[in-house]
Amino acid sequence: MKYALQLGKFFGIKVQIHWSFLILLSWIVISNVRSGSGTVQTLWSILFVLTIFLCVTLHEFGHALAAKRFGIKTKDITLLPIGGLARLESIPEKPREELIVAIAGPLVNIAIVLLLYPLIHFTTDITSTISSLTSITSQNFLFNLMFINLWLAIFNLIPAFPMDGGRVLRALLAFRLERHKATAIAARIGQMLAVGFIFLGFFSNPFLVLIGLFIFLGAQGETEYTQAKSMLKGYTVNDVIMKQYQTLSPNDTIKEAVALLLNGQSKSFLVIDNEQVLGTLNRDEIIKALSSEGENSSINHVMNKEIVALKAETPLEDAWQIIQQHKMLMPVYSYNQLIGTLDTENILEFIMIKNAESK
Ligand SMILES: [Zn+2]
């Protein structure tokens with residue numbers, strides 16, 4: 001993710017914080033100043049938010065370390081003002097594994113609650129109430145932290161995608177059903193809940209409307225993704241490969257790339273020299289280069305040098321996952337011989353065709 005500050009590497013996983021986090025911190029300072037709190041009070045509020053985000057990070061590590069047990073790596077963990085995001089390289093598809101990975105996050109928050117509870121019992125005045133961010137003090141700090149962790153656990157266990165609870169529900173259903181059917185049912189339940197939230201939100205808290213919309217869209221995305229994936233089962237990259245593709249040479253100019261773009265159907269091209277793929281160039285990159293570098297600049301300077309190659313025999317489901325992550329044109333090889341290309345559009349067309357055939 002761009003514009004993120006690296007915090008370090010723990011258990012081999014990069015942890016970073018998004019710049020928009022600064023907005024959250026300034027908002028806390030501003031709202032403290034506006035409510036007339038002093039410096040000490042403001043510092044307590046900031047410390048409180050930072051501690052919450054430490055708990056969110058631990059929640060994400062719950063997922064990441066559980067996934068590691070099943071051989072799934074986590075690329076990085078990013079902290080956003082709305083919460084954390086652990087980017088797992090793939091989602092485990094065995095119900096038992098998905099269940100463990102999904103529930104590990106909320107379990108971390110429950111563990112924190114259980115750890116804090118005895119401390120609060122002895123040190124805090126039990127009459128403490130839930131405080132707003134402008135009234136965190138040394139007396140109510142732990143109590144509020146425990147409450148937030150309880151809330152994080154419950155919120156994440158709402159049985160709807162994209163929450164952890166949605167995955168828990170799907171995993172439980174998938175013990176008895178096919179995965180895409182389990183997903184469809186879990187998504188339907190989640191969407192009914194979402195409609196409930198939206199409806200309730202109109203009469204009480206507008207924040208609930210937002211959560212409802214977020215869940216509704218999440219459920220839809222998950223169903224489409226899983227359905228698409230189930231259609232790809234049994235096929236390989238070779239079945240959808242584009243055998244006719246257009247290429248550019250690194251010494252060609254942007255002008256030549258523009259001509260190629262206007263003359264044909266292709267929107268992205270391989271840059272090849274001596275039968276060696278050196279990079280790719282797509283429509284957006286060509287347009288961008290045209291305005292920033294001018295039409296006589298060479299392709300070599302502007303091409304995307306990151307190359308993700310596929311093998312012809314790779315299962316299409318795996319290729320779909322890779323393409324979702326990289327969203328770019330990929331060269332396809334068979335026995336080290338370049339035989340064609342593949343991009344998102346090829347797979348989407350294939351899914352559309354299969355979809356039409358199955359109706
Ligand atoms: Zn989670």
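The values are calculated or read from the model by the stated rules, or taken from the named source; none is laboratory data. No experiment lies behind these values; they were computed from the predicted model shown. Using ideal geometry, Cβ is built from the backbone for each residue, glycine included, and neighbour counts are taken over all protein chains shown.
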Checklist entry - If a residue has to be exposed (fewer than 11 other Cβ atoms within 10 Å of the Cβ) and in contact (Cβ under 8 Å) with a residue 24 or more places away in the chain to count, how many in region 283-306 make the cut? => result 3
Checklist outcome for this item: Selection from region 57-73 of residues surrounded by 14 or more Cβ atoms within 10 Å (Cβ to Cβ) and either away from the ligand (no atom under 14 Å from the Cβ) or at pLDDT below 90 (or both) yields LYS68, PHE70, ILE72
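Quick one: is LEU193 assigned to a helix (DSSP H, G or I) and surrounded by 16 or more Cβ atoms within 10 Å (Cβ to Cβ)?
Yes; evaluated as a whole, the condition is true for this residue.
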Next on the checklist: Let me spell it out: the conditions are (1) within 14 Å of the ligand (Cβ to nearest atom); (2) touching a Leu at 6+ places or on another chain (Cβ under 6 Å); (3) in a helix (DSSP H, G or I), and ASN149 meets all of them except one. Which number is the exception?
Outcome noted: (2)
Next on the checklist: Just checking, does region 81-102 include any residue being within 16 Å of the ligand (Cβ to nearest atom), within 21 Å of PHE143 (Cα to Cα), of a type outside the set (D, E, K, R) and not in a strand (DSSP E or B)?
Outcome noted: no
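For region 295-342, enumerate the residues that are among the charged types (D, E, K, R) and either within 22 Å of ALA86 (Cα to Cα) or assigned to a helix (DSSP H, G or I) (or both).
Within region 295-342, GLU317, ASP318, LYS327 qualify.
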Checklist entry - Here are some conditions: (1) away from the ligand (no atom under 16 Å from the Cβ); (2) surrounded by 18 or more Cβ atoms within 10 Å (Cβ to Cβ); (3) β-branched (Val, Ile, Thr). VAL29 meets all but one. Which one does it not meet? => result (2)
Next on the checklist: Just to be sure I understand the filter: pairs with C-beta atoms under 6 Å, separated by 6 or more residues or on different chains, first member in region 98-115 and under 19 Å from LYS73 (Cα atoms), second member assigned to a helix (DSSP H, G or I) and away from the ligand (no atom under 13 Å from the Cβ). Which pairs pass?
Outcome noted: GLU98/ALA171; LEU99/ALA171
Next on the checklist: Which residue is farthest from LEU213 (Cα to Cα), if the candidates are limited to region 167-189 and must be within 16 Å of the ligand (Cβ to nearest atom) and without any contact (Cβ under 8 Å) to a residue 60 or more places away in the chain?
Outcome noted: LEU169
Checklist entry - Which pairs have Cβ atoms under 6 Å, sit 6 or more apart or on different chains, and link a residue in region 132-156 that is at pLDDT 85 or above to one that is within 16 Å of the ligand (Cβ to nearest atom) and not in a helix (DSSP H, G or I)? => result ASN156/MET163
Checklist entry - Right, THR51: away from the ligand (no atom under 15 Å from the Cβ), closer than 20 Å to LEU7 by Cα and either in the same structural domain as ALA186 (by TED's automatic domain parsing) or part of a helix (DSSP H, G or I) (or both) or not? => result yes
